[in-house]
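Reviewing the structure listed below.
The values are calculated or read from the model by the stated rules, or taken from the named source; none is laboratory data. Given the structure is predicted, the values throughout are model-derived calculations rather than measurements. Positions of Cβ are generated from backbone atoms using ideal geometry, with glycine treated the same way; all protein chains shown enter the neighbour counts. Protein only, heavy atoms only, side chains kept; ligands, DNA and RNA dropped before computing areas. Shrake-Rupley method; radii C 1.70, N 1.55, O 1.52, S 1.80 Å.
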Amino acid sequence: MADGDNTRAFDPDIVTDFRERMSYGSYLELDTLLSAQRPVSRPEHHDELLFIIQHQTTELWLKLVLHELESARDLLRADDLSPALKRIARVKHIQRTLTEQWSVLATLTPTEYAEFRGFLGNSSGFQSYQYRAVEFVLGNKNRRMLSVFESDPAAHALLAQLLDAPSIYDEFLRYLARAGFAVPTSLLERDVTQAHVFTPELVPVFREIYEHANDHWPEYEACEEFVDLEDNFQLWRFRHLKTVQRTIGMKTGTGGSTGAAFLQKALELTFFPELYAVRTEIGAPA
């Protein structure tokens, strides 16, 4: 109950002495975290803090996305489907949060952004190595992207390692093959350093799963989880594009990209094309 002065009663058992105890702030290293926002505009512009926090929180969520996707990939390799899908389900919730987050940055008007944009130099979200890592884990590999990170040995090493490793989709297809589905050998033996491209011979495998869902329920559920992943990723890309258009129009990006035009092209990229193509085939004459 609240005290008569509209304050909450203070529980006498609440710990207050943290000289030798771990506190909330020390566990989360809040001194480090909250001192990491360092605006570079001079004089400091009010809205730059929003811009910094938006991107820092995105990077924190991307760290967790990568953590979950790599675990899901490894679980698929071990034929442990149920916990892999649990990891993917968590990623889907994170994706929704990341997409909604664009609405906060969209409150930054073109005039406000223009007042500090020039101070950003060549820094750009294009240089997010964690975003590239997530793309690589999902299967959209691109060796040329590594050149962006040559000045950052740790980021370059991570991306090189993920480039050489099977994607989560590669591991799912291998899982299906081990489960007895007729996954084309060309996909099981493909060069995993290359982006996955549409393979029409795989579509009948997914048609079998979808049209006999009761017989293949775990695989059917997994297929839908992968479709959700891609849908959410494309929604994030779209919101990114529209936020950029709203804020800078068709200006060139600070990192040298074509800006909105570059982001528009990203909407054409796909991770699991056969899972979309099969929808045209389901229910059609064999």
Would you kindly calculate the translational diffusion coefficient of segment 66-116, applying Stokes-Einstein with the Kirkwood radius from alpha carbon pairs, for 37 °C and a viscosity of 0.692 mPa s, and quote it in µm² s⁻¹ without decimals?
251 µm²/s
What longest region of the chain stays clear of chymotrypsin sites (Phe, Trp or Tyr not before Pro) that DSSP places outside H, G, I, E and B and that have at most 15 other Cβ atoms within 10 Å?
19-197
Pairwise FRET efficiency - ASP215 versus LEU64, Cβ, R0 = 22 Å, nearest 0.05
0.05
Stokes-Einstein D for segment 130-285, Kirkwood Rh over Cα pairs, 37 °C, 0.692 mPa s (µm²/s)
190 µm²/s
Cα-based equivalent ellipsoid of segment 1-97: semi-axis lengths in Å, sorted from largest, via gyration tensor
35, 26, 15
Taking Cα centroids, how far is segment 240-263 from segment 101-132 in Å?
10 Å
Descending principal axes extents, segment 193-242, alpha-carbon based, whole Å:
41, 24, 17
Positive-pole candidate from TYR210, ALA157, CYS223, dipole of segment 149-241, charges at beta carbon:
ALA157
Let me have the relative contact order for segment 85-238, percent, based on Cα pairs under 8 Å that are six or more residues apart.
28 percent
Under the Karplus relation 6.51 cos²θ - 1.76 cosθ + 1.60, θ = phi - 60°, what is the ordered set of whole-Hz ³J(HN,Hα) values for segment 74-89, x standing for Gly and Pro?
5, 5, 5, 4, 8, 6, 10, 6, 4, x, 4, 5, 4, 4, 5, 4
Inter-site label distance for GLU44 and ARG96 at 7 Å from Cα along Cβ, in nm
3.6 nm
Would you kindly state how much longer the chain becomes between GLU115 and SER103 on full extension, computed as 0.36 nm times their sequence separation minus their alpha carbon distance, in nm to one decimal?
2.3 nm
Taking the Cα atoms of segment 204-286, what is the range of coordinates along each of the three principal axes, in descending order and whole Å?
52, 24, 18
Distance (nanometres) between label positions extended 7 Å along Cα→Cβ at THR16 and ALA179
5.8 nm
To the nearest 10 degrees, how steeply does helix 217-248 sit against the main Cα axis of the chain, on a 0 to 90 scale?
50 degrees
Scoring the chain by relative contact order with C-alpha pairs under 8 Å, at least six apart, yields a percentage of 20 percent
Relative to the first principal axis of the alpha-carbon coordinates of the chain, what is the inclination of helix 168-178, with its axis defined by its Cα atoms, in degrees from 0 to 90 and to the nearest 10?
30 degrees
Okay, which of segment 193-207 sit inside 14 Å, backbone N to the point 7 Å along the Cα-Cβ direction of ASP164?
193-194
Go through PHE172, HIS55, GLY283 and say which Cα lies farthest out towards the positive end of the charge dipole of the chain; charges sit on Cβ, +1 for Lys and Arg, -1 for Asp and Glu.
HIS55
Fully extended, how many nm does the chain gain between GLN194 and PHE238 (0.36 nm per residue separation, minus their Cα-Cα distance)?
13.4 nm
Can you list the lysines whose alpha carbon sits under 28 Å from that of LYS242, skipping same-chain ones fewer than 8 residues off?
LYS63, LYS92, LYS141, LYS251, LYS265
Share of segment 1-160's accessible area from carbon and sulfur, percent, 1.4 Å?
55 percent
With axes computed from alpha carbons, what is the tilt in degrees of helix 153-164 against the longest principal axis of the chain, rounded to the nearest 10 within 0 to 90?
20 degrees
Modelled label-to-label distance, GLN264 and THR32, 7 Å Cα→beta-carbon offset: nm?
4.3 nm
